[in-house]
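Participant: Dropping the structure in here first, questions after.
The values are calculated or read from the model by the stated rules, or taken from the named source; none is laboratory data. Bear in mind the structure is a predicted one, so any value in this text is a computation, not a measurement. FYI the Cβ positions are ideal-geometry reconstructions off the backbone, even for glycines, and counts take in every protein chain you see.
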Amino acid sequence: MIIVMKGSAAKEEVQRVIATVEELGYQPHVIWGTQRTVIGAVGDERGKARLQSLEVLPGVESVVPILQPFKLAGREFKATPTIVKVGGVEIGGNRLVVMAGPCSVEDEEQIREIAVTVKAAGASLLRGGAFKPRTSPYAFQGLGPEGLQLLAMARKETGLPIVTEVLKPEDVDLIADTADMLQIGARNVQNFALLKRVGESGKPVLLKRGIATTVQEFLMAAEYVLAEGNFNLVLCERGIRTFETATRFTLDLNAVPVLKKLSHLPVIVDPSHGTGHWEYVPPMAKAAIACGADGLMIEVHSRPETAMSDGIQSLRPIRFQQLMREIEPFVQAAGRRL
Ligand code: PEP
Ligand code: MN
């Protein structure tokens, strides 16, 4: 249910509604608006009729049900776009945000070199996995805590905030100590214990769509993070599994306008995993901007031929620089700035 307060409602009246929502056993989520304040009451669907009676409280204009199953992620609850701040970078605003870096952090020289080049080319965030989800247990699993330290070093040198993946609930505190943004990978999109923990952490979260996740399931996964009171959430379309084998995945760009219509959360696109091949990354990056994405995540490696993971889909620094120049007219046409 959404409790819409009158434009003239006093702060005490809002507080009273919040307290009553809690007394009834629901969780209040408040959006303090400049025009009017709304309170989302989230909890057991069965008893929600009782919330209707809040209409009699002073300052309340109306109490309306939220029809979509994703209560907090939807536009019904929050009509205006959410802007997520990571370090000093705003995602979901006027600027198109580019996150770039290697698939995996491999060693000091590798991450430093890539961080410096992507920063010079105009990236605003540095990506790099320290804990890697790999299909094979024999493949490189990431440097772990040492990788986090190397990312911190690269941040210190470049000033770029860092986004890195967390695989397990018990690693959230450790990774949140260093990272500016926690990435939930495609394989963990429905790891509900992990979603709750990153929600509790309050850190900005980058939630990647699963390879077999519908838009609705994706938004329900987002709901787990929001339900913990953490609205610093960015969605990432990174390709889904289809019958097509010419590319690693099928980048579902339909999902961008659909997610934008249904949700207030920022949406970025990862054409590196979405295509699986460096040659297809630039055209799909441009298409992502054209269809309304708030940002891009791009894998970059100085020597893709020796990369520990995802070399084939990684851009060399020179190609990344070229891409950053080539996207400019697309960014402008989409009414944004780089
Ligand atoms: C990654 O970003 O390197 C990664 C593993 O992504 P995904 O979870 O989308 O496969
Ligand atoms: Mn990767």
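Participant: Which pairs do you get when a residue that is touching a residue at least 24 places away in the same chain (Cβ under 8 Å), found in region 11-33, comes within reach of a residue that is crowded, with 18+ Cβ neighbours inside 10 Å and assigned to a helix (DSSP H, G or I), reach meaning Cβ atoms under 8 angstrom, with the pair 6+ apart or on two chains?
Facilitator: Here the result reads Val17/Leu54; Thr20/Leu54; Val21/Leu51; Val21/Leu54; Leu24/Leu51; Tyr26/Leu51; Gln27/Val21; His29/Leu226, each pair linking region 11-33 to a residue that is crowded, with 18+ Cβ neighbours inside 10 Å and assigned to a helix (DSSP H, G or I).
Participant: Considering only strands (runs of 3 or more DSSP E) fully contained in region 112-214, which possess at least 1 residues that are over 14 Å from the mean Cα position of the chain (by Cα)?
Facilitator: So the answer is 125-127.
Participant: Can you confirm whether Ile298 is away from ligand 1 (no atom under 16 Å from the Cβ) and either within 29 Å of Asp107 (Cβ to Cβ) or touching an Asp or Glu at 6+ places or on another chain (Cβ under 8 Å) (or both)?
Facilitator: Criteria not met by Ile298.
Participant: Got a number for residues in region 144-170 being surrounded by 19 or more Cβ atoms within 10 Å (Cβ to Cβ) and in contact with a Phe, Trp or Tyr (Cβ under 9 Å, 6 or more places away or on another chain)?
Facilitator: Here the count works out to 6.
Participant: Does Asn254 count as more than 16 Å from ligand 1 (Cβ to nearest atom), under 26 Å from Ala290 (Cβ atoms) and not aromatic (Phe, Trp, Tyr)?
Facilitator: Yes: the conditions hold for Asn254.
Participant: Kindly indicate the residue of region 37-56 that is part of a loop (DSSP other than H, G, I, E, B) and buried (at least 16 other Cβ atoms within 10 Å of the Cβ) and also modelled with the lowest pLDDT among those meeting that condition.
Facilitator: The residue in question is Gly43.
Participant: Taking region 1-36, which residues are part of a helix (DSSP H, G or I) and loosely packed, with under 14 Cβ neighbours inside 10 Å?
Facilitator: Lys11, Glu12, Gln15, Ala19, Glu22, Glu23
Participant: Pairs under 7 Å by beta carbon, first residue within 12 Å of ligand 2 (Cβ to nearest atom) in region 309-328, partner among the aliphatic types (A, V, I, L, M), six or more apart or different chains?
Facilitator: Once the first residue is within 12 Å of ligand 2 (Cβ to nearest atom) and sits in region 309-328, its partners that are among the aliphatic types (A, V, I, L, M) give Gln313/Val281; Ser314/Val300; Ser314/Ala307.
Participant: While we're looking at this one, here's another question. Test Ala49 against the criterion of being among the hydrophobic types (A, V, I, L, M, F, W, C), in contact with a Pro (Cβ under 9 Å, 6 or more places away or on another chain) and over 17 Å from Thr80 (Cα atoms), and give yes or no.
Facilitator: It is false that Ala49 is among the hydrophobic types (A, V, I, L, M, F, W, C), in contact with a Pro (Cβ under 9 Å, 6 or more places away or on another chain) and over 17 Å from Thr80 (Cα atoms).
Participant: Out of region 315-338, which residues are part of a loop (DSSP other than H, G, I, E, B) and farther than 26 Å from Ser104 by Cα?
Facilitator: If the condition is that a residue be part of a loop (DSSP other than H, G, I, E, B) and farther than 26 Å from Ser104 by Cα, then Ala334, Gly335, Arg336 are the ones that fit.
Participant: Moving on to the next point. Can you go through Ser104, Ser124 and tell me which one is within 21 Å of Arg316 (Cα to Cα), more than 16 Å from ligand 2 (Cβ to nearest atom) and either of a type outside the set (Val, Ile, Thr) or touching a helix residue (DSSP H, G or I) at 6+ places or on another chain (Cβ under 6 Å) (or both)?
Facilitator: Ser124
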